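S.K.: The structure under discussion is supplied below as structure tokens; questions concerning it will follow.
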Amino acid sequence: MMTTEYPIREIFRLYLPEYRQQYPQTHPNVLKAAEAISRCKTGELGYNVSYCPECGTTEIHAVSCNNRNCPCCQSALERKWELERNTELIKGIAYYHVVFTIPEDLNGLIRSNPSLLGLLFSSARDTLISLCKDKKFMGAKPGIISVLHTWGQKLNYHPHLHVCISGGGITPDGRFVETPHKGFFIPLPVLAASFRGRYMCALKRMYDSGELNLSSAEKLEDPLAWKSFVNDLFGMKWIPFVKETFNGKGNAVKYLARYSFRTAIANSRIVSFDDGSVTFRYKDYADGSKEKELTVTGVEFIRRFLQHIPPSGFHRMRLSGYLSNCCKSDYLKLIHRLRNVIYIGNPYRYMKIDELMLALYNRDICACPNCNGRMERLPRGMPCSQLPLPAQKACLAMC
């Protein structure tokens, strides 16, 4: 049975204590995220109190956890990210959605070595930039937006990279050119071979220098077993594929934004949770994308969810090419000047929360719903006795 707007939070509240007993070795960073999810918008993290001095209206809202892994409070960040990236797209050129995957045989190593997720980013980036600079394909440096996913529809561990790449770029002599090809301009076999070569070359260097943690695959400590493992990986077909081609900037970033801030599973996919089990919907891509249901124990659901919490400080979204943070402003100004278009920059970057809500949802959160006066945010932690009288009454009702 499900009667809540935030079922995933309630699942964590119900089954997290049992999970901690069964998995006592869980990393502190992962447990911190789990605790934040279980307390989000419950009042345990405090309340925000807003008061209108003109009519006395008081509004009290439970504080969100703002943890990047929480499925209950990421929608505003997703919309902000989408708007920011849209200001960096070039009107009138094509954009392509490319997905990079790696063999399942590497999953064990990646779990023990999060740096191999970073290697996925750098290998895809270097592959695309190197091939795009070839005059056969474009002869220029493109703009690249990359977003990491580590989950499949059943919450299984499936690392893969979603990449949005521009069909135009900056040449070494400072011109902006578009690819003359129709459809995606790099042959996929060439892309796959280059990506596999770069990833495996770096992986071998890490093994030779002793950087890899082999606790999940102790047999690979044997050089002969490692050599056989590497040969098997080289023999596999690493198949990047173009999931969708965007004509103009249109929905390019809007599509990619679905992958940016969303967590392993959304609240909307939870069917029910009771009697120690959780049932959720998933798409079976091997069966014509039919929607099916899967039931697991509450502890197993949390385990599957938490295995996708990235290491502290790890960035799941990265920009490269002419969109690299160190140079994108200069490049974007140059591109717009070359195309005789006014560059407006990113107006959302330094917005305060009230300005952002107005821009994202056309909602003035500072306006009083009764008299249209200006609501004032009262300092968090202020004792009830020090609040204005109407606010005191509202707070006492919450206690």
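S.K.: Tell me, what ³J(HN,Hα) does each residue in the range 287-302 have, in order and in whole Hz, if you take phi through Karplus 6.51 cos²θ - 1.76 cosθ + 1.60 with θ = phi - 60° and put x for Gly and Pro?
M.R.: 10, x, 6, 5, 7, 10, 10, 10, 10, 9, 5, x, 5, 5, 4, 5
S.K.: Lysines near Lys32 by alpha-carbon distance under 22 Å, same-chain residues fewer than 8 away left out - which ones?
M.R.: Lys32 reaches Lys41.
S.K.: Could you list Ser64, Ser112 in order of exposure, starting from the residue whose Cβ has the fewest other Cβ atoms within 10 Å?
M.R.: Ser112, Ser64
S.K.: Return the calculated 222 nm mean residue ellipticity for the chain, to the nearest 500 deg cm²/dmol, obtained by summing -39500 (n - 2.57) across DSSP H runs with n ≥ 4 and dividing by the residue count.
M.R.: Rounded to the nearest 500, it is -11000 deg cm²/dmol.
S.K.: Expected output is a single nm value to one decimal: the length gained when fully extending between Cys326 and Ile344, i.e. 0.36 nm times separation in residues minus the C-alpha distance. What is it?
M.R.: Answer, rounded to one decimal: 4.6 nm.
S.K.: Work out the charge dipole of the chain with +1 on the Cβ of Lys and Arg and -1 on the Cβ of Asp and Glu about the Cα centre, then indicate which of Phe185, Asn29, Asn362 is farthest towards its positive end.
M.R.: Phe185
S.K.: Which entry in (i) 22, 32, 23, 17, 6, 0; (ii) 27, 57, 15, 1; (iii) 22, 49, 26, 3 is this structure's computed P(r) over Cα pairs in 20 Å bins from 0, in percent?
M.R.: The calculated read-out lines up with (iii).
S.K.: Classify the range 35-152 as rounded, prolate or oblate from the Cα gyration tensor: take a ≥ b ≥ c as the square roots of its eigenvalues, call it rounded if a/c is under 1.5, otherwise prolate when a/b beats b/c and oblate if not.
M.R.: oblate
S.K.: How large is ³J(HN,Hα), in whole Hz, for each residue of the range 172-189 in order, when computed from phi with the Karplus curve 6.51 cos²θ - 1.76 cosθ + 1.60 and θ = phi - 60°, using x for Gly and Pro?
M.R.: x, 8, x, 9, 10, 10, 10, 5, x, 7, 8, x, 5, 8, 10, x, 4, x
S.K.: Now a separate question. Please work out, to two decimal places, the log10 of the ratio I(q)/I(0) at q = 0.11, 0.15, 0.16, 0.22 Å⁻¹ from a Debye calculation in which every Cα of the range 171-265 carries one identical scatterer.
M.R.: -0.61, -0.91, -0.95, -1.14
S.K.: Along the three principal axes, how long is the range 4-60 when you take its alpha carbons, biggest first, rounded to the nearest angstrom?
M.R.: Extents along the principal axes: 54, 24, 11 Å.
S.K.: Can you return the lysines within cross-link range of Lys283? Criterion is Cα-Cα under 23 Å, with same-chain partners fewer than 8 residues away left out.
M.R.: Once the sequence-local lysines are set aside, what remains near Lys283 is Lys154, Lys243, Lys254, Lys292.
S.K.: Now, a different point. Taking the beta-carbon count within 10 Å as an exposure proxy, list Thr4, Thr57 from fewest neighbours to most.
M.R.: If I rank by nearby Cβ atoms, fewest first, I get Thr4, Thr57.
S.K.: Using the Cα centre of the chain as the reference point, and only Cβ charges (+1 on K/R, -1 on D/E), how large is the resulting charge dipole? Debye, rounded to the nearest 20.
M.R.: 1180 debye
S.K.: When the distances between all Cα atoms of the range 269-376 are binned every 5 Å from zero, what whole-number percent does each bin get?
M.R.: The calculated distribution, bin by bin, is 2, 8, 9, 9, 9, 10, 11, 14, 15, 8, 3, 1, 0.
S.K.: Assuming a viscosity of 1.567 mPa s and a temperature of 4 °C, what translational diffusion coefficient in µm² per second does Stokes-Einstein assign to the range 54-121, Rh being the Kirkwood radius over Cα pairs?
M.R.: 76 µm²/s
Laboratory data are not the source of any read-out in this text; all were calculated from the coordinates shown. What you are looking at is a predicted structure, and each value in this text was computed from that prediction instead of being measured. Cβ: placed from backbone, ideal geometry, glycine included. Neighbour counts: every protein chain shown.
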